[in-house]
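Scroll down for the structure; my scribbles are underneath it.
Quick note: the coordinates plus some simple rules give every number you see, no bench work behind them. Not measured: the values here are computed from a predicted model. Here the Cβ positions follow ideal geometry from the backbone for every residue, glycine too, while neighbour counts run over all protein chains shown.
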Amino acid sequence: MKPEEITEHGQHTLSEIISQPQCWSACLSQLAASAELRAAVQLSRPGAEWIFVGCGTSYYLAQAAASTFNYVKLPARAVVASDLFMYPALTLHAGRDYIPVVISRSGRTSEAVRVAQMLEKDRDLRTIAITCADGQPLEASCSVILKLRDADEQSTVMTRSFTSMLLGLQYLAASAAREDAFCRQLLELPRQVEPLLQDIPQRLRLFVASRSFSDFVFLAQGPLFGIASECMLKVTESSSSYAQVFHSLEFRHGPKSIAGPETLITFLMSETSYDAELELLEEMKALGAATMVIANRVDSRAQSASDLTIELGLQSPEYARPAAFVIWGQLYGVYYGLKKGLNPDSPRNLTRVVELADGR
Ligand code: F1P
């Protein structure tokens, strides 16, 4: 869908989604040349565990970023901000060394700011912030600030801010691990993804127009699990629909009882887990479920077991691709919200930032 075809409702969100490849290029080239990236790389040290922290979309971003750091052998994990300040002992242990990274598009989310202050002041940990806003409380609370201003959105929901900050953190991982080839592959991604926005949005919009579902499931393993979680949240936020996320093979352990024509199950299939996920896909199709597949390469078996397939065909290696998978969940949520007569630019019950009264 070309920006000029965007209807009144959802115009900000749709244009922000479509702008992602150009936004990634701008953000990555700015970040790669920045003193702040060098300062963040200098915080990397042997024996330390990277702790990625956020709320909502930014927590799912933390999940995706942590998988990349582990891939380049920098131990990492994702923690939701509220758990870190309410149950610090579940994450932080005496005598252990940590490099916290607090993720917040707005830099104003109360839980994110509170956890940054606790990490810096109470735990004396030099903390990195990644944000898309200027001059907000998070910036004043952290030691190193990675700022991607071009990725900010007008919309309530996060789309290009999610993928741009993810790519920024992946670039930090590759730089800290001195994986120069990985750095180059990340810089290459925008050029490879741009052409996908020519025809897939239209196919997705027609699929949404042709089928309605009562609920949604997103399935993925490994580096795509955080991406599947974000797809779940986008469909929930943008279309006020009920969506769930599971590790793919977990679906057999109970949740598959909901499989049927009313539930759209979307498989984000990665290379490493493709064969196992293909078997599950065929089992779900046999149960009568509606299925959608997003994969870098789709073989004929996956094609015949899915109602819609999105094949990316990227040259990049598996760990450089996650940002390219989420675009289709973002678009699905907007198109489905528009179909339901909603305005994804201002989703029901949501505010752009969750700021709590002091102390809550
Ligand atoms: C975090 C967040 C968003 C969500 C909504 C409310 O924002 O939970 O993920 O979509 O906008 O705030 P931030 O801390 O990244 O600004």
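Please list the non-local residues whose amide H lies under 5 Å from the amide H of Leu146, H modeled 1.01 Å from N, same-chain partners needing a gap of 5 or more.
Amide H to amide H, under 5 Å and 5 or more residues apart or across chains, Leu146 pairs with Ala129, Ile130, Thr131.
So what's the convex hull volume per residue for the Cα atoms of region 199-339, in Å³? Before the final figure, lay out each step's value.
Details: hull volume 13.3 nm³, N = 141.
Taking only Cα atoms, region 199-339 has a hull volume of 94 Å³ per residue.
Karplus couplings for region 20-31 from phi (6.51 cos²θ - 1.76 cosθ + 1.60, θ = phi - 60°), rounded to Hz, Gly and Pro as x?
In residue order, the calculated couplings are 4, x, 5, 5, 4, 4, 4, 5, 5, 5, 5, 5 Hz.
Applying the Karplus parametrisation 6.51 cos²θ - 1.76 cosθ + 1.60 with θ = phi - 60° to the phi angles of region 161-168, what ³J(HN,Hα) value in whole Hz is obtained for each residue in order, glycine and proline being reported as x?
5, 5, 5, 5, 5, 5, 4, x
What FRET efficiency comes out for the pair Asp275/His253, r = Cβ-Cβ distance, R0 = 25 Å, nearest 0.05?
Values: r = 19 Å, r/R0 = 0.76.
About 0.85, to the nearest 0.05.
Put a dot 7 Å past each Cα toward the Cβ at Arg191 and Ser143; how far apart are the dots in nm?
Label-label distance for Ser143 and Arg191, simple model: 3.7 nm.
What is the fewest-to-most order of Thr159, Thr91 by other Cβ atoms lying within 10 Å of their Cβ?
On the way: Thr159 32, Thr91 16.
If I rank by nearby Cβ atoms, fewest first, I get Thr91, Thr159.
Hey, fewest Cβ within 10 Å first, where do Asp345, Asp307, Asp275 land in order? Walk me through the intermediate numbers first.
Details: Asp345 21, Asp307 16, Asp275 11.
Result, fewest neighbours first: Asp275, Asp307, Asp345.
Lys/Arg Cβ at +1, Asp/Glu Cβ at -1, dipole of the chain taken about the Cα centre: which of Leu264, Val193, Ala177 is farthest positive-ward?
It is Ala177.
Please find, in a Gaussian network model of the chain (springs between Cα atoms separated by less than 10 Å), the residue of Ala320, Ala129, Ala32 whose mean-square fluctuation is greatest.
Ala32
Once both labels are modelled 7 Å past Cα along the beta-carbon direction, what's the Glu262-Leu287 spacing in nm?
Modelled inter-label distance: 1.5 nm.
Over the chain, what relative contact order in percent results from Cα pairs under 8 Å that are six or more residues apart? It would help to have the intermediate numbers written out before the result.
Details: 692 pairs, mean separation 71.1, N = 360.
Rounded, it is 20 percent for the chain.
Quick check for me: using +1 on Lys/Arg Cβ and -1 on Asp/Glu Cβ, what's the dipole size of region 3-189 about its Cα centre, in debye to the nearest 20?
On the way: 16 positive and 20 negative charges, 151 e Å.
With only Lys, Arg, Asp and Glu charged at Cβ, the dipole is about 720 debye.
How far is helix 196-210 tilted off the main Cα axis of the chain, in degrees rounded to 10, range 0 to 90?
Tilt of helix 196-210: around 50 degrees.
Cβ neighbours within 10 Å, averaged per peptide: list 21-27, 57-63, 212-218, 42-48 in order, most packed at the top.
Numbers: 21-27: 21.0, 57-63: 26.1, 212-218: 19.4, 42-48: 12.3.
In descending order of packing, they fall as 57-63, 21-27, 212-218, 42-48.
Work from the charge dipole of region 205-354 (Cβ charges, +1 for Lys and Arg, -1 for Asp and Glu, about the Cα centre) and give the residue of Gln221, Ala323, Asn349 farthest towards its positive end.
Among Gln221, Ala323, Asn349, the one farthest towards the positive end of the dipole of region 205-354 is Asn349.
Apply the Debye scattering formula to the chain, with a single equal point scatterer on each alpha-carbon and no solvent, then give log10 I(q)/I(0) at q = 0.14 Å⁻¹.
-1.16
With +1 on each Lys and Arg Cβ and -1 on each Asp and Glu Cβ, and nothing else charged, work out how big the dipole of region 199-339 is about its Cα centre, in Debye to the nearest 20. Display every interim value, and only then the final one.
On the way: 11 positive and 16 negative charges, 80 e Å.
With only Lys, Arg, Asp and Glu charged at Cβ, the dipole is about 380 debye.
Lys/Arg Cβ at +1, Asp/Glu Cβ at -1, dipole of the chain taken about the Cα centre: which of Met292, Ala151, Tyr242 is farthest positive-ward?
Going by the Cα projections, it comes out as Ala151.
Taking amide H positions as placed 1.01 Å from N in the peptide plane, with prolines and chain starts having none, which residues 5 or more places from Trp50, or on another chain, fall under 5 Å of its amide H?
Residues meeting the amide H criterion: Ala76, Arg77, Ile99.
Scan around Ile310 for amide H atoms under 5 Å from its own, H built in the peptide plane at 1.01 Å from N, and keep only partners 5 or more places away or cross-chain.
The answer is Val293, Ile294, Ala295.
Keeping to pairs on different chains or 8 or more places apart, tell me how many lysine pairs in the chain have Cα atoms under 30 Å apart.
Lysine pairs satisfying the spacing and distance rule in the chain number 17.
Could you work out the relative contact order of region 219-354, using alpha carbon pairs under 8 angstrom and six or more residues apart, expressed as a whole percent? Show your work: numbers first, answer last.
On the way: 199 pairs, mean separation 42.4, N = 136.
Computed over region 219-354, the figure is 31 percent.
For the peptides 260-268, 107-115, 323-331, what is the packing order when you average, over each peptide's residues, the other Cβ atoms within 10 Å and list the highest mean first?
Going from most to least packed, we get 323-331, 107-115, 260-268.
Across region 266-271, in residue order, what do the Karplus-derived ³J(HN,Hα) couplings come to in whole Hz, using 6.51 cos²θ - 1.76 cosθ + 1.60 with θ = phi - 60° and x for Gly and Pro?
Karplus values, whole Hz, x for Gly and Pro: 9, 9, 9, 9, 9, 4.
With the radius of gyration and the Kirkwood radius both derived from the Cα set of region 3-189, what is their ratio Rg to Rh? Please report the intermediate quantities before stating the final value.
Working: Rg = 16.1 Å, Rh = 16.6 Å.
Reported Rg/Rh, Kirkwood definition of Rh: 0.97.
Apply 1/(1 + (r/R0)^6) to the Cβ-Cβ distance of Gln202 and Lys121, taking R0 = 51 Å, and write down the FRET efficiency to the nearest 0.05. Let's see the in-between values first.
Details: r = 51 Å, r/R0 = 1.00.
Efficiency for this residue pair is about 0.50.
Can you give the charge dipole size of region 90-154 about its Cα centre, rounded to the nearest 20 debye, using +1 on the beta carbon of Lys and Arg and -1 on the beta carbon of Asp and Glu? Could you put the intermediate results ahead of the total?
Working: 9 positive and 10 negative charges, 29 e Å.
I would put it at about 140 debye.
Using the alpha-carbon centroid of each, what span in Å lies between region 229-260 and region 99-116?
Cα centres, region 229-260 to region 99-116: 27 Å.
Summing +1 for each Lys or Arg and -1 for each Asp or Glu, what net charge is found among the other residues whose Cβ lies under 13 Å from the Cβ of Ser141? Write down the numbers at each step before the final one.
Details: positive: Arg108, Arg114, Lys121, Arg123, Arg126; negative: Glu111, Glu120, Asp122, Glu139.
Spelling it out: positives minus negatives among the neighbours equals +1.
Taking 7 Å along the Cα-to-C-beta vector as the label spot, tell me the Leu356-Ala32 distance in nanometres, rounded to one decimal.
Output for this residue pair reads 4.0 nm.
Can you pull the semi-axes for region 247-307, root of five times each eigenvalue of the Cα gyration tensor, sorted largest first, whole Å?
On the way: eigenvalues 61, 34, 16 Å².
Result for region 247-307: semi-axes of 17, 13, 9 Å.
Summing Lys, Arg as +1 and Asp, Glu as -1, what charge do residues with Cβ under 15 Å from the Cβ of Pro322 carry, Pro322 excluded? Spell out each step's value before the answer.
On the way: positive: Arg160, Lys234, Arg321; negative: Glu188, Glu230, Glu271, Glu318.
Summing Lys/Arg as +1 and Asp/Glu as -1 gives -1.
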